[in-house]
Amino acid sequence: MGSQVSAKTNDKEQQLKKASKMAMVRALLPIVGLVVIFLLFNVLTDFRMMGNMSLAFSQVYVTMIAAMGVFFIMTMGGLDFSQGSILGIASIVVCILSKHGIAIAILGGIASGVIIGAINGYFYVYRKIKSFIVTICTMFLFRGFIKYMTTNAPVSGSATLINYDSTGFKVACTVVVLVIGFIAFRYTKFGTYLKAIGAGEKAAMFSGIRTDRMKFLMYVLAGALTGFAAFINVIKVGSVTSSGGNQLETQILIALVLGGMPISGGAKVRFENIVVGSLLYVVLNSGLTMMGFSTQMMQLIQGVVFLIFVAVFADRESLTVIK
């Protein structure tokens, strides 16, 4: 009997060591991948990427801010495919209201994101429709609105918008949003509740967490963040076309998975997934562009990389909690 107990204890210890090693590998792989890919593309492009850092990273601010809202949703085990359409609608609102003041334009962008997020949350939480179905429907619905409103010409904003298009301003806005999100996720009950819902919604409910309320508010918050990101998006050119926000949802999903985000959410998520993943996606995309690959080839390469990272970071024990 003693030998059997000892053998079982040793097996458990080995399993724990193995799990600990895998967790460390999963944590370090995205960071190592970012460094390796950055160095590789610099070598392959004769260090042109290093010389065009500001241009390469000009795309990362919108993705990073919007990705934070989707990160919170995915932590709960949900999905959101409507972020591109939210960005497009909010960008149009920002442009229209910018003629009445920048502060009003920013608040209008956030408000439009909140409204669309609330629509997503209502149908997902209170009408019990799967999150990916709801958000795909709203994606197409509001993409139609964007194309209708930009049929004749792009929607132009106030000429003062482009005055805010400076790297320092965009970096400051992004850092402030990320720091607030990091503190809330890491050091308050907010992050604990999200992880608990992602790991097991029924258990979270029985422990006293108001799961429906949290899920609804996360979609509202995600919409608000993308509404603010719309302001950062608009100040680059001061107008919005029919392609405004196009494919943002895909970029966010790829970025989060590249950052090591388990697609099923739960306890294994880390806030660093947002930053590392967004940077990795931008470096990969910019590097392939500088090397002269066609759009089709870039999509093929990104798809292969995405598939590899999904296979590595998928938490197979928790995949059933995707809602």
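The values are calculated or read from the model by the stated rules, or taken from the named source; none is laboratory data. All values derive from a computational prediction rather than experimental measurement. Heads up, the Cβs are rebuilt from the backbone with ideal geometry, glycines too, and the neighbour counts pull from every protein chain shown. Note: accessible area is taken over every heavy atom of the protein model, side chains too, but ligands, DNA and RNA are not part of it. Shrake-Rupley method; radii C 1.70, N 1.55, O 1.52, S 1.80 Å.
What the table shows:
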| item | result |
| --- | --- |
| Dipole axis of the chain (+1 Lys, Arg; -1 Asp, Glu on Cβ), positive-most option in Leu284, Thr241, Phe206 | Phe206 |
| Probe 1.4 Å - accessible area at Tyr164, Å² to nearest ten | 80 Å² |
| Under 20 Å from the Lys147 label point (7 Å along Cα→beta-carbon), backbone N, the stretch 235-257 | 240-251 |
| Accessible-area order (highest first, 1.4 angstrom probe) of the listed residues Thr192, Thr241, Thr138 | Thr192, Thr241, Thr138 |
| Separation in nanometres of the label points that stand 7 Å from Cα toward Cβ, at Asn163 and Val304 | 4.9 nm |
| More than 37 Å apart - percent of Cα-Cα pairs taken over the chain | 19 percent |
| Relative contact order %, the chain, counting alpha carbon pairs below 8 Å whose residues are six or more apart | 32 percent |
| Computed accessible area, Met297, all protein chains, 1.4 angstrom probe, square angstrom | 80 Å² |
| Loop sites in the stretch 13-119: chymotrypsin sites (Phe, Trp or Tyr not before Pro), DSSP, at most 14 other Cβ within 10 Å | Phe47 |
| Qualifying trypsin sites (Lys or Arg not before Pro) for the stretch 203-299 [loop in DSSP, other Cβ within 10 Å: at most 16] | Arg210, Lys236 |
| The stretch 32-312, accessible surface, carbon-and-sulfur percent (1.4 angstrom probe) | 70 percent |
| Estimated inter-spin distance, Ile133 and Leu40, nm [label 7 Å along Cα→Cβ] | 4.0 nm |
| Protein-only accessible surface order, largest first, of Val257, Val179 at 1.4 Å | Val179, Val257 |
| Structure-based [θ]222 nm, the chain - -39500 (n - 2.57) summed over DSSP H runs of at least 4, per residue, nearest 500 | -24000 deg cm²/dmol |
| Computed lengthening from Ser156 to Asp212, 0.36 nm per intervening residue step minus Cα-Cα distance | 16.3 nm |
| The stretch 194-262 and the stretch 290-310: distance between their alpha carbon centers, rounded to Å | 24 Å |
| FRET efficiency for Glu13 and Val237, using Cβ-Cβ distance with R0 set to 45 Å, rounded to 0.05 | 0.15 |
| Listed residues Glu13, Glu201, Glu272 arranged by accessible area, highest first, probe 1.4 Å | Glu13, Glu272, Glu201 |
| Rounded accessible area per residue of the chain, 1.4 Å, Å² | 49 Å² |
| Prolate/oblate/rounded call for the stretch 65-192, Cα gyration tensor, a/c under 1.5 rounded | oblate |
